[in-house]
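S.K.: The following block contains the structure, expressed as structure tokens.
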Amino acid sequence: MLALIKGAGDIASGIALRLKHAKFDIVMTDIERPTSIRRTVCFSEAIVNGSAVVEDVKAERANNVDEIYDIISRGNIAVIADEKAECRSIIKPDFVIDAILAKKNLGTAITDAPVVIAAGPGFTAGVDCHAVVETQRGHYLGRVILKGSAAPNTGVPGNIGGYTTERIIRAVKDGIFRPVCEIGDVVKAGQIVAYVDDEPVKCQIGGVLRGILPKDTPVHKGMKSGDVDPRCKREHCFCVSDKALAVGGGVLEAMLALKED
């Protein structure tokens with residue numbers, strides 16, 4: 001069965017990994033120039049580099065519907081730069097999963113597929129999708145909601161190693177982002193990890209740099225540009241997170257519960 005996932009960032013990629021392991025065919029859509037932070041675990045990198053491998057699953061960039069089918073036939077995930085997921089009307093997926101995580105609905109409708117699932121806040125199950133999966137860290141992470149909505153966005157990142165907002169690296173101004181550190185580097189509090197134009201961007205805490213925007217990304221002041229993991233386990237930079245897998249498990253549960261026989 002064919003699932004179309006809108007978005008190809010780290011949570012969407014965790015969903016895709018779980019679904020691929022469960023033998024679903026996967027198509028993912030994203031913007032032409034993705035802004036994923038955790039690039040080592042994002043299938044969106046296929047748009048930039050032509051292909052991407054996350055753990056044991058490979059994705060390839062598709063430029064049209066014929067290429068989507070060809071990539072799927074070879075057992076890989078197809079990723080296409082299609083911001084509005086217009087390919088949906090041609091490939092007619094059995095499932096549509098909105099994993100853009102925009103905290104609002106950017107155009108997904110309950111009529112987009114036989115089963116439509118949304119990750120995170122901004123959607124109401126029974127109105128613009130059939131089910132919502134909770135993405136907020138905590139007791140309800142990954143739970144399937146068949147009536148109502150996920151917890152509202154608090155604006156505060158999840159607690160990792162005792163830190164929330166402090167672990168996020170943000171652009172200091174509008175401009176062009178230029179990293180000077182790489183994903184997997186161990187950094188110290190106050191260290192310069194990037195520049196926006198000529199202005200330095202520093203991390204607030206020490207740890208391992210789990211994610212950072214690529215070179216020459218246009219940014220605006222306050223834009224999330226990097227992520228420091230205070231647990232300082234470098235291997236975590238190259239595998240899907242517990243959160244992404246939990247959300248992926250919820251999506252898989254909803255798909256199996258709601259699919260047409």
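The values are calculated or read from the model by the stated rules, or taken from the named source; none is laboratory data. Treat the numbers as computed from the prediction; the structure is a model and nothing was measured. Cβ placement follows ideal geometry from the backbone for every residue including glycine, while neighbour counts extend to all protein chains displayed. For accessibility, only protein heavy atoms count, side chains too; no ligands or nucleic acids. Shrake-Rupley method; radii C 1.70, N 1.55, O 1.52, S 1.80 Å.
S.K.: Relative to the longest principal axis of the C-alpha atoms of the chain, give the angle of the C-alpha long axis of helix 10-21, reported between 0 and 90° and rounded to the nearest 10°.
M.R.: Helix 10-21 sits at roughly 40 degrees to that axis.
S.K.: For region 42-106, with all protein chains present and a 1.4 Å probe, just round the carbon and sulfur fraction of the accessible area to a whole percent.
M.R.: Heavy-atom surface of region 42-106 belonging to carbon and sulfur, 1.4 Å probe: 44 percent.
S.K.: Sticking with this one: If each DSSP helix of 4+ residues adds -39,500 (n - 2.57) and the sum is divided by the residues in the chain, what number results at 222 nm, nearest 500 deg cm²/dmol?
M.R.: -5000 deg cm²/dmol
S.K.: While we're looking at this one, here's another question. Would you kindly state how much longer the chain becomes between Glu235 and Arg74 on full extension, computed as 0.36 nm times their sequence separation minus their alpha carbon distance, in nm to one decimal?
M.R.: 55.1 nm
S.K.: Can you grab the distance from the C-alpha centre of region 1-26 to the C-alpha centre of region 105-152, Å, no decimals?
M.R.: 16 Å
S.K.: Next up: How large is ³J(HN,Hα), in whole Hz, for each residue of region 85-96 in order, when computed from phi with the Karplus curve 6.51 cos²θ - 1.76 cosθ + 1.60 and θ = phi - 60°, using x for Gly and Pro?
M.R.: 6, 5, 5, 3, 5, 9, 7, 6, x, 6, 9, 10
S.K.: Decide, for region 37-86, between rounded, prolate and oblate: order the square roots of the alpha carbon gyration tensor eigenvalues as a ≥ b ≥ c, take rounded if a/c falls under 1.5, and otherwise choose prolate if a/b is larger than b/c, else oblate.
M.R.: Taking the square roots of the gyration eigenvalues as a ≥ b ≥ c, region 37-86 is oblate.
S.K.: Another question, if that's okay. Using a probe radius of 1.4 Å on heavy atoms only, what accessible surface per residue do you get for region 36-152? Whole Å² is fine.
M.R.: Details: 5360 Å² over 117 residues.
I get 46 Å² per residue for this part.
S.K.: Another question about this same structure. If you take every DSSP beta bridge fully contained in the chain, what fraction is antiparallel? Give it as a percent rounded to 5. Let's see the in-between values first.
M.R.: On the way: 27 of 52 bridges.
If I count the DSSP bridges inside the chain, around 50 percent turn out antiparallel.
S.K.: Rounded, prolate or oblate: which one fits region 1-98, using the alpha carbon gyration tensor with axes a ≥ b ≥ c (rounded when a/c is under 1.5, else prolate when a/b beats b/c, else oblate)?
M.R.: rounded
S.K.: So for the pair Arg137, Leu258, with labels modelled 7 Å out along Cα→Cβ, what separation do we get in nm?
M.R.: Result for the modelled spin labels: 2.7 nm.
S.K.: Also: Dividing the Cα convex hull volume of the chain by residue count, how many Å³ per residue is that?
M.R.: 114 Å³
S.K.: Measure nothing but the geometry: give the 0 to 90° angle between the long axis through the Cα atoms of 242-258 and the longest principal axis through the Cα atoms of the chain, rounded to 10°.
M.R.: Value to nearest ten degrees: 10.
S.K.: Still on this structure, I have one more. If you place +1 on the Cβ of every Lys and Arg, -1 on the Cβ of every Asp and Glu, and leave all else neutral, what size is the dipole of the chain about its Cα centre, to the nearest 20 Debye?
M.R.: Charge dipole, the chain, about its Cα centre: 820 debye, nearest 20.
S.K.: Only Cα pairs under 8 Å and at least 6 apart count here; give the relative contact order of the chain as a rounded whole percent. Working shown, then result.
M.R.: Values: 656 pairs, mean separation 51.6, N = 261.
Averaging sequence separation for qualifying contacts and normalising by length gives 20 percent for the chain.
S.K.: Same structure again: If R0 is 45 Å, what FRET efficiency do you get for Glu55 and Asp198 from their C-beta distance, rounded to 0.05? Write down the numbers at each step before the final one.
M.R.: On the way: r = 38 Å, r/R0 = 0.84.
According to the calculation, E is roughly 0.75.
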